[in-house]
Amino acid sequence: MSGVSISKFEVSMKFLSKYKISFLFCMSGVVCLMAYAVIGSYIDENGLLVEPFGFIPLFWLLELLALVVFIITFVKHRKTG
């Protein structure tokens, strides 16, 4: 060993800095899913179901974007050896 010690915190911060856009998309998707669950759905006085349906496809879109950005970043930064 070279005597240089890298803490787990430094490793995780390096990982987050490399994949920060992917992490941001993923967390935004989770927030959309949580907002859908918190807002909830109900039936109004006319018998119509009222729900924030737009959060569901937005969640899946953001998760797909997170995956694509993660793969692109991984391929771009992988070590060639």
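Points to keep in mind about this one:
- Residue within segment 13-31 that is of a type in the set (S, T, N, Q), modelled with pLDDT of 90 or more and in contact with a helix residue (DSSP H, G or I) (Cβ under 6 Å, 6 or more places away or on another chain) present: yes
- Hey, Val11 surrounded by 14 or more Cβ atoms within 10 Å (Cβ to Cβ) and not acidic (Asp, Glu) or not: no
- Checking each residue in segment 6-24 for being under 28 Å from Phe59 (Cβ atoms) and either part of a loop (DSSP other than H, G, I, E, B) or touching a residue at least 60 places away in the same chain (Cβ under 8 Å) (or both) picks out only Tyr19.
- Restricting attention to segment 28-43, the residues that are within 30 Å of Ile71 (Cα to Cα) and surrounded by 12 or more Cβ atoms within 10 Å (Cβ to Cβ) total 9.
- All positions within segment 44-74 that are assigned to a helix (DSSP H, G or I), surrounded by 14 or more Cβ atoms within 10 Å (Cβ to Cβ) and not charged (D, E, K, R): Phe55, Leu58, Phe59, Leu61, Leu62, Leu65, Ala66, Val69, Phe70, Thr73
The values are calculated or read from the model by the stated rules, or taken from the named source; none is laboratory data. Note that the structure is a prediction, hence the values are computed from the model and not measured. With ideal geometry, Cβ positions are generated from the backbone for all residues, glycine too; neighbour counts draw on all protein chains shown.
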